[in-house]
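K.L.:
Could you have a look at this structure, given as structure tokens, before my questions?
The values are calculated or read from the model by the stated rules, or taken from the named source; none is laboratory data. Model, not experiment: these values are computed from the prediction. Cβ coordinates were reconstructed from backbone atoms using ideal geometry, including for glycine residues, and neighbour counts include every protein chain displayed. To get the accessible areas, we keep the full protein, side chains included, count just its heavy atoms, and leave off ligands, DNA and RNA. Shrake-Rupley method; radii C 1.70, N 1.55, O 1.52, S 1.80 Å.
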Amino acid sequence: MSLFINKYNPKKVNEVIGHDLELEKLANFVLNYKKQKKKAILIHGRSGIGKTCSAYALVNELNFEILDLNASEIRNKEIINYVVGNFMKQFSLFGKEKLIFIDELEGISGYQDYGGIQALQELIEISIIPIILATNDIGNEKFESIKKKCELLEFKNLDKDILVRHLENICKKEKISYKKNVLEKIAENCNGDLRASLIDLQLLINNKKELVDTDFIEKRLQDIDSRDIVAQLFKENDLVNSFRVLDNANINIYNGPGPVIFSDEDSILYWIEENLPRGVDNKDLAKAYNYLSKSDVFRGRIIRQQYWRFLVYQKLLIGGISTIKNKNIDFEHKKTRRSPKQNFLLWSLVSRRKTTIAEKFSKNLHTSKKDFIKNTLPNLKFIFKQNKHKDIAEEFKLEKEEIEYIKKQ
Amino acid sequence: MQDSSIWTEKFRPKGFEEFKGQEKIIERVSSMVKNRNIQNMLFSGPPGVGKTTLALIIAYKLYGDSWRQNMLELNASDNRGIDVVRTIIKDFARTKAIGTDLPKIILLDECDALTSEAQHALRRTMEDFSNTSRFILSCNYSSKIIEPIQSRCAVFRFKLLNKKELEEIIDNIAKKEKIKVENDAFNALFDVSEGDVRKMINIIQSCSSVSKAITEKLIYELVSSAQPKEIKEILDTSLKGEFIKARERLLETMLKHGLSGLDIIKQIQKEVWNLKISDENKIKLIDKCGEIEFRLVEGSDEFIQLEALLANFVGLR
């Protein structure tokens, strides 16, 4: 017996469920490729709603030849260039037009697929055939540079009614007796994921010709928005439950430690950090931050020592927030306004400027950079503000920006 | 030498006669220079009393115009590691001086910042290259210099300048720069500079850019506005319980001035003493500063740690 997900995989465009608008745009992009300003199209949306099958259905129908690069293969720079190069050079056997499909874009690994993103970016710039890329993680910063070069096309979530209707159709085709409320339960549980609903349906039918109730079906967890996790965490007063909540959280640890910060700003740590003062009374604030601060210490140790067992403590300590009584749960959860990465850039720009200025002065003043910054720089600002800095600027060969910087001190 | 536009440099004494204060030291050092037989020396004393200046004068007197080639000037607080001693210093010390039979001079400023490994690496270097080089080390606290180094040096302890000496310096600058220093301004200068001549001259120069007549009022105004006020305001805002506002201000300040978490903690720790809170709370906060400074070193995100520190100020008043 074949799997429903294969059996009902759409072969033609009109068999695709619920993405008429998206398919029209996609077809338009491929067919009018020469007129497009951007040389690639990036389709995004959550998993199981039909991104890949839409692309394939379209390619089938248009009778294109397709090169599919997905996460199951190594996609580093050499391989991408080699495979794509060959594909472009080869004369198609049947004179078909060609198309490149890069699926599971988020799965390009920074280490194993070294240079992959860069190679794709270059490919997009020079390509003469349509490129379709797909991802279910559009917020991922890894391919920020690629995103800018692509037309973006969002595949909308499928709503419950569409799923139910589709499941009904399948039941009819398979001649299975069913109750509509059971199909509704399946659809609800899968939350718009069509593929998952087909798997669950087949599981429940279990080769019989009738659909039993859904009691034993596992709840399908989806990637929970950090916002929801934070909201749940604030609501939770029970330590064990709060750990459960955190198990679903994305607590990212990548990038190095540093002065202001720089990690994925979507990480739960930053959501909590931003919202803590709103959710916790002033009198408990120090206690709450203490947990966060200790958790961050473990995060730092993981990064430096690569000792991943500390991850347990990092998570558990955040859970400590649930032990604070009297939390305010009714407030709007905001995303961190620190914008960690950007701030770091800004920060290092300013501090680098300060160092280069100090370097210019300290040697001729026979003093250390540190001493210059601490003692001389604050006094210089007055002279500069009075616009009496001409001689100094000449003597120490200061750039225009550096003069401005000193004035602003 | 050309006059610098920075007064601390412009008015740096070029000879022993111009040097103010430290008479005994000058006497000994100038006779050493006269006999063209100098030792390894350790200058210790508070900032701005003439340690670097004296070392420079020695170099001018010994080598004349070629002093730059024959003197290596390193600031240990910028290059504090052992590889500086093993590479830069050794490379310089190895070769003979140019245009003279005298040994070269290696001036190691702010030596208290040298790690003890680096100091140990210096021991043999000082001996091995005694044919070609002499060391002048300067530091604020001689206790931070390891004993074996001290025992290889003639130690000179510099003292703060007295009021009369400081007055002479001020008068000299005022005369040459055609500015007028009011009587009450002298005391203000002694007060804010705490005997640190470099600091004092810096203040005079910045005052003079505002007005040719330097008054007590002007000095205090300038000095207080040279100090960053942001941290105090941030702490006050936290004490008032407006945490979100305080942390926004903190981030802004760090970004604007390129300050690191450590810079901020240092300032907070100083500022705690000026807050209007009980002594018990002050010591509690100092304890927190220490704890957070430790976590800052161990942790991954400095800002989270600073927030955790600020949270301790909330609700204290």
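K.L.:
Would you mind pulling out the separation of the Cα centroids of the stretch A:7-40 and the stretch A:358-409, in Å?
P.N.:
So the separation of the two Cα centres works out to 60 Å.
K.L.:
Related question: As I understand it, the dipole of the stretch A:337-409 uses +1 on the Cβ of Lys and Arg and -1 on the Cβ of Asp and Glu, about the Cα centre. Which of A:Pro378, A:Leu398, A:Leu365 lies farthest toward its positive end?
P.N.:
A:Pro378
K.L.:
At q = 0.08, 0.10 Å⁻¹, what log₁₀ I(q)/I(0) does a Debye calculation on the Cα points of chain A give, no solvent, two decimals?
P.N.:
Rounded to two decimals, the profile gives -0.67, -0.94.
K.L.:
Within straight cross-link reach of A:Lys37, meaning Cα distance under 28 Å, which lysines are found once same-chain residues fewer than 8 apart are removed?
P.N.:
Reachable lysines: A:Lys12, A:Lys25, A:Lys51, A:Lys77, A:Lys89, A:Lys96, A:Lys98, A:Lys142, A:Lys147, A:Lys148, A:Lys149, A:Lys156.
K.L.:
Taking chain A as a Gaussian network, Cα atoms linked when under 10 Å apart, which of A:Glu78, A:Glu395, A:Glu125 shows the biggest mean-square fluctuation?
P.N.:
In the Gaussian network model the winner is A:Glu395.
K.L.:
Here is a follow-up. Amide H neighbours of B:Gly195 under 5 Å, counting only residues 5+ apart in sequence or on other chains, H built in-plane at 1.01 Å?
P.N.:
Long-range HN contacts for B:Gly195: none found.
K.L.:
Carbon-plus-sulfur fraction of the accessible area of the stretch B:228-311, 1.4 Å probe, in percent?
P.N.:
On the way: 1930 of 3670 Å².
That fraction is 53 percent.
K.L.:
Please list the radius of gyration and Dmax for the protein assembly as shown, considering alpha-carbon atoms only, with Å as the unit.
P.N.:
Reported Rg and Dmax, both Å: 35.3, 114.
K.L.:
Let me make sure I get this right: for the stretch A:1-160, a, b and c are the square roots of the gyration tensor eigenvalues over alpha carbons, sorted descending. Under 1.5 in a/c it's rounded, otherwise prolate if a/b > b/c, else oblate. Which is it? Write out the running numbers ahead of the final one.
P.N.:
Numbers: a/c = 1.44, a/b = 1.23, b/c = 1.17.
Rounded, because the longest to shortest axis ratio a/c is under 1.5.
K.L.:
Leaving ligands and nucleic acids out of the surface, order A:Asp247, A:Asp371, A:Asp159 by accessible area at 1.4 Å, largest first.
P.N.:
On the way: A:Asp247 105, A:Asp371 25, A:Asp159 85 Å².
My answer, sorted largest first, is A:Asp247, A:Asp159, A:Asp371.
K.L.:
If you build a Gaussian network model of chain A, linking Cα atoms that sit under 10 Å apart, which residue out of A:Arg278, A:Arg309, A:Arg75 swings the most?
P.N.:
Sorting by GNM fluctuation, first place goes to A:Arg309.
K.L.:
Let me ask another. Can you list the aspartates and glutamates whose alpha carbon sits under 13 Å from that of A:Lys175, skipping same-chain ones fewer than 8 residues off?
P.N.:
Once the sequence-local aspartates and glutamates are set aside, what remains near A:Lys175 is A:Glu210.
K.L.:
Per the helix-only calculation at 222 nm, which mean residue ellipticity applies to the protein assembly as shown, given -39500 (n - 2.57) for every DSSP H run of n ≥ 4 and division by its residues, nearest 500 deg cm²/dmol?
P.N.:
Working: 34 runs with 381 residues, N = 726.
Dividing the helical sum by the residues of the protein assembly as shown leaves -16000 deg cm²/dmol.
K.L.:
Once phi is turned into ³J(HN,Hα) by the Karplus curve 6.51 cos²θ - 1.76 cosθ + 1.60 with θ = phi - 60°, what whole-Hz value does each residue of the stretch B:138-151 show in order, with x for glycine and proline?
P.N.:
My calculation for the stretch B:138-151 gives 10, 7, 7, 10, 5, 5, 7, 9, 5, 4, x, 6, 4, 6 Hz in order.
K.L.:
Set Lys and Arg Cβ to +1 and Asp and Glu Cβ to -1, take the dipole of the stretch B:163-222 about its Cα centre, and tell me which of B:Val197, B:Ile179, B:Leu222 lies farthest positive.
P.N.:
B:Ile179
K.L.:
What is the magnitude of the charge dipole of the stretch A:6-152 about its Cα centre, with +1 placed on the Cβ of each Lys and Arg, -1 on the Cβ of each Asp and Glu, and no other charges, expressed in debye to the nearest 20? Intermediate results must be reported in sequence, preceding the final value.
P.N.:
Details: 20 positive and 20 negative charges, 85 e Å.
Rounded to the nearest 20 debye, it is 400 debye.
K.L.:
Using the Karplus equation 6.51 cos²θ - 1.76 cosθ + 1.60 (θ = phi - 60°), what ³J(HN,Hα) coupling, rounded to whole Hz, does each residue of the stretch A:399-404 give in order, writing x for Gly and Pro?
P.N.:
7, 4, 5, 5, 4, 4
K.L.:
Rounded to whole Å and ordered largest first, report the semi-axes of the equivalent ellipsoid of the stretch B:52-113 derived from its Cα gyration tensor (root of 5λ). All intermediate terms of the calculation are to be shown ahead of the outcome.
P.N.:
Details: eigenvalues 90, 44, 9 Å².
Largest first, the stretch B:52-113 gives 21, 15, 7 Å.
K.L.:
If you plug each phi of the stretch B:93-109 into the Karplus form 6.51 cos²θ - 1.76 cosθ + 1.60 with θ = phi - 60°, what whole-Hz ³J(HN,Hα) values come out, in order, with x for Gly and Pro?
P.N.:
5, 4, 9, 7, 5, 9, x, 6, 8, 5, x, 6, 10, 10, 9, 10, 7
K.L.:
Taking the dipole about the Cα centre of the protein assembly as shown, with the C-beta of Lys and Arg at +1 and of Asp and Glu at -1, give me whichever of A:His389, B:Phe156, B:Ser206 is farthest to the positive side.
P.N.:
B:Phe156
K.L.:
I would also like to ask the following. Consider just the alpha-carbon atoms of the stretch B:163-222 and return their Rg together with their Dmax, both in angstrom.
P.N.:
Considering the stretch B:163-222 through its Cα atoms, Rg and Dmax are 9.9, 26 Å.
K.L.:
Given contacts defined as C-alpha pairs under 8 Å and at least six residues apart, what's the relative contact order of chain B, whole-number percent? Numbers along the way, then the final one.
P.N.:
On the way: 399 pairs, mean separation 52.0, N = 317.
Contact order relative to length: 16 percent.
K.L.:
At 1.4 Å probe size, with every protein chain present, just tell me what the per residue accessible area of the protein assembly as shown comes to in Å². Show your work: numbers first, answer last.
P.N.:
Details: 36250 Å² over 726 residues.
With all protein chains present, the protein assembly as shown gives 50 Å² per residue.
K.L.:
Still on this model: Quick one: pull the percent of accessible area on chain A belonging to carbon and sulfur, 1.4 Å probe, ligands and nucleic acids left out.
P.N.:
Numbers: 10790 of 21330 Å².
C and S atoms contribute 51 percent here.
K.L.:
Right, next: Please list, in chain and number order, the residues 5+ apart from B:Gly241 or on another chain whose amide H is under 5 Å from its amide H, with Hs placed from the backbone.
P.N.:
B:Gly315
K.L.:
Additional query: Separation of the stretch B:215-281 and the stretch B:101-168 by C-alpha centroid, Å?
P.N.:
So the two Cα centres are separated by 36 Å.
K.L.:
Right, another one. Stokes-Einstein diffusion coefficient for the stretch B:22-157 at 25 °C in a medium of 0.890 mPa s, Rh from the Kirkwood formula over Cα pairs: what value in µm²/s? All intermediate terms of the calculation are to be shown ahead of the outcome.
P.N.:
Details: Rh = 14.7 Å.
In µm²/s, the coefficient rounds to 167.
K.L.:
Report, as a whole number in µm² per second, the diffusion coefficient that Stokes-Einstein gives for the stretch B:228-311 at 25 °C and 0.890 mPa s using the Kirkwood radius over alpha carbon pairs. Numbers along the way, then the final one.
P.N.:
On the way: Rh = 12.8 Å.
The diffusion coefficient I find is 192 µm²/s.
K.L.:
Shifting gears a bit: Could you identify which residue out of B:Glu23, B:Glu233, B:Glu298 has the top mean-square fluctuation in a GNM of chain B using Cα springs shorter than 10 Å?
P.N.:
The residue that fluctuates most here is B:Glu298.
K.L.:
Keeping the other protein chains in place, figure out the carbon and sulfur percent of the accessible area of the stretch B:163-222, with a 1.4 Å probe. Could you put the intermediate results ahead of the total?
P.N.:
Working: 1430 of 2860 Å².
Of all accessible area on the stretch B:163-222, carbon and sulfur atoms account for 50 percent.
K.L.:
Go through the cysteines of chain B and tell me which have no other cysteine Cβ under 4.7 Å away.
P.N.:
Those would be B:Cys153, B:Cys207, B:Cys289, since no other cysteine Cβ in chain B comes under 4.7 Å of theirs.
K.L.:
Please list A:Ile321, A:Ile329 in order of solvent-accessible area, largest first, computed with a 1.4 Å probe with all protein chains present.
P.N.:
Details: A:Ile321 0, A:Ile329 85 Å².
Highest to lowest solvent-accessible surface, that is A:Ile329, A:Ile321.
K.L.:
May I pose another question? Using a 1.4 Å probe and ignoring any ligands, DNA or RNA, find the accessible area of B:Thr52 and quote it in Å² to the nearest 10.
P.N.:
20
K.L.:
Continuing with the same structure: For B:Leu72, which sequence-distant residues (separation of 5 or more, or a different chain) have an amide H within less than 5 Å of its own amide H, given hydrogens modelled in the peptide plane?
P.N.:
Close amide H contacts, sequence-distant or interchain: B:Ile105, B:Ile106, B:Leu107.
K.L.:
Quick check for me: using +1 on Lys/Arg Cβ and -1 on Asp/Glu Cβ, what's the dipole size of the stretch B:163-222 about its Cα centre, in debye to the nearest 20?
P.N.:
Working: 10 positive and 12 negative charges, 63 e Å.
Computed about the Cα centre, the dipole is about 300 debye.
K.L.:
About the Cα centre of chain A, how large is the charge dipole given +1 on each Lys and Arg Cβ and -1 on each Asp and Glu Cβ? Please answer in debye to the nearest 20. Kindly include the intermediate steps, with their values, before the conclusion.
P.N.:
Numbers: 69 positive and 58 negative charges, 283 e Å.
Roughly 1360 debye, rounded to the nearest 20.
K.L.:
On to the next question. Take the residue pairs A:Lys360/B:Lys180; A:Lys7/A:Lys208; A:Lys374/B:Lys270 and return only those whose Cα atoms are more than 20 Å apart.
P.N.:
Cα-Cα > 20 Å for A:Lys360/B:Lys180; rest within.
K.L.:
To continue, here is another question. For the interface of chains B and A, what total accessible area is buried with a 1.4 Å probe, rounded to the nearest 100 Å²?
P.N.:
Details: alone 17390 and 23660 Å², together 36250 Å².
For B against A, buried area totals roughly 4800 Å².
K.L.:
Let me ask you something else. Using a cut-off of 18 Å between alpha-carbon atoms, which aspartates and glutamates can reach A:Lys407, once sequence neighbours fewer than 8 places away in the same chain are excluded?
P.N.:
Those aspartates and glutamates meeting the cut-off are A:Glu359, A:Asp391, A:Glu394, A:Glu395, A:Glu399, B:Glu221, B:Glu230, B:Glu252.
K.L.:
Same structure, new question: Each label point is 7 Å from the Cα along the Cα-to-Cβ direction; what then is the distance between the points at B:Glu216 and B:Asp128, in nm?
P.N.:
For B:Glu216 paired with B:Asp128, the spin-label model returns 5.9 nm.
K.L.:
Can you give the translational diffusion coefficient of the stretch A:305-407 in µm²/s, computed by Stokes-Einstein from the Kirkwood radius over Cα pairs at 37 °C and 0.692 mPa s? Mind showing how you got there, number by number?
P.N.:
Numbers: Rh = 18.0 Å.
Here the translational diffusion coefficient equals 182 µm²/s.
K.L.:
Could you give the semi-axes, largest first, of the ellipsoid that matches chain B, computed as the square roots of 5 times the alpha carbon gyration tensor eigenvalues and rounded to whole Å? Intermediate results must be reported in sequence, preceding the final value.
P.N.:
Working: eigenvalues 334, 161, 52 Å².
Sorted largest first and rounded, they come to 41, 28, 16 Å.
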